[in-house]
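Trainee: So that we are looking at the same thing, I have put the structure below in structure tokens.
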Amino acid sequence: MTKTVFDTLTGMFFTVDDPDGSYGTGQVIRLAAEGIYFIRFDGTELTLPLELVSIGEMLDTTDDEYKRWRFFDTTEERDKWIEWLDAPSKPRVISLVKPTK
């Protein structure tokens, strides 16, 4: 009997939210074992993968049930997400009074 291991995350780019409100970015390098991946955070000078992360850690949520990890196919997609995330919100004025005719 052969057990197939599905590798759907290798090569994906990610953001991961920290409890202090900041976030880290990086790439999933390769599958290390079933359910465990080598990842590399951006900004590191070393070419070797720096951390092992399990699928369980990647599925972790905040106390408010928000996903901490987000995955993207390209750096462009990830950069768009970060740009949207970091953009200041634009307040909108909503009139609560019905206009007279």
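The values are calculated or read from the model by the stated rules, or taken from the named source; none is laboratory data. Note that the coordinates shown come from a computational prediction; the quantities given were computed from them, not determined experimentally. Note that we place each Cβ from the backbone using ideal geometry, even for glycine, and neighbour counts take in every protein chain shown. Note: accessible area is taken over every heavy atom of the protein model, side chains too, but ligands, DNA and RNA are not part of it. Shrake-Rupley method; radii C 1.70, N 1.55, O 1.52, S 1.80 Å.
Trainee: For a quick check of your reading of the model, give me the residue pairs whose first member lies in the stretch 44-59 and is closer than 13 Å to ARG30 by Cα, whose second is open to solvent by less than 100 Å² (accessible area, probe 1.4 Å) and modelled with pLDDT under 80, with beta-carbon atoms closer than 9 Å and at least 6 apart or on different chains.
Mentor: Cβ pairs passing all conditions: LEU50/THR44.
Trainee: If you scan the stretch 1-16, which residues turn out to be modelled with pLDDT under 90 and within 14 Å of TRP69 (Cβ to Cβ)?
Mentor: Filtering the stretch 1-16 for residues modelled with pLDDT under 90 gives 1-8.
THR8, the sole residue that qualifies.
Trainee: Among the residues in the stretch 54-71, are any small (Gly, Ala, Ser) and touching a Lys or Arg at 6+ places or on another chain (Cβ under 6 Å)?
Mentor: No, the stretch 54-71 contains no residue that is small (Gly, Ala, Ser) and touching a Lys or Arg at 6+ places or on another chain (Cβ under 6 Å).
Trainee: Hey, among LYS90, LYS67, LYS80, which residue is modelled with pLDDT of 80 or more, over 11 Å from the mean Cα position of the chain (by Cα) and basic (Lys, Arg)?
Mentor: Of the residues listed, the single one that is modelled with pLDDT of 80 or more, over 11 Å from the mean Cα position of the chain (by Cα) and basic (Lys, Arg) is LYS80.
Trainee: Taking the stretch 18-62 as the region of interest, how many residues are closer than 24 Å to LEU85 by Cβ and open to solvent by less than 40 Å² (accessible area, probe 1.4 Å)?
Mentor: The qualifying residues number 8.
Trainee: Okay, moving on. Somewhere in the stretch 73-93, is a residue of a type in the set (Val, Ile, Thr) and without any contact (Cβ under 8 Å) to a residue 12 or more places away in the chain?
Mentor: Applying the first criterion (of a type in the set (Val, Ile, Thr)) to the stretch 73-93 yields 74-75, 82, 93.
Cutting the leftovers down to without any contact (Cβ under 8 Å) to a residue 12 or more places away in the chain gives us 93.
Checked against the condition, which is being of a type in the set (Val, Ile, Thr) and without any contact (Cβ under 8 Å) to a residue 12 or more places away in the chain, the stretch 73-93 yields at least one hit.
Trainee: For the stretch 17-52, name all the residues that are modelled with pLDDT under 80 and closer than 16 Å to THR75 by Cβ.
Mentor: Selection gives THR44 alone.
Trainee: Are there any pairs with C-beta distances below 7 angstrom linking a residue in the stretch 13-37 that is closer than 20 Å to THR62 by Cα to a residue that is open to solvent by 50 Å² or more (accessible area, probe 1.4 Å) and hydroxyl-bearing (Ser, Thr, Tyr), with the two at least 6 apart or on different chains, and if so which?
Mentor: Once the first residue is closer than 20 Å to THR62 by Cα and sits in the stretch 13-37, its partners that are open to solvent by 50 Å² or more (accessible area, probe 1.4 Å) and hydroxyl-bearing (Ser, Thr, Tyr) give THR15/TYR23; VAL16/TYR23; ASP17/TYR23.
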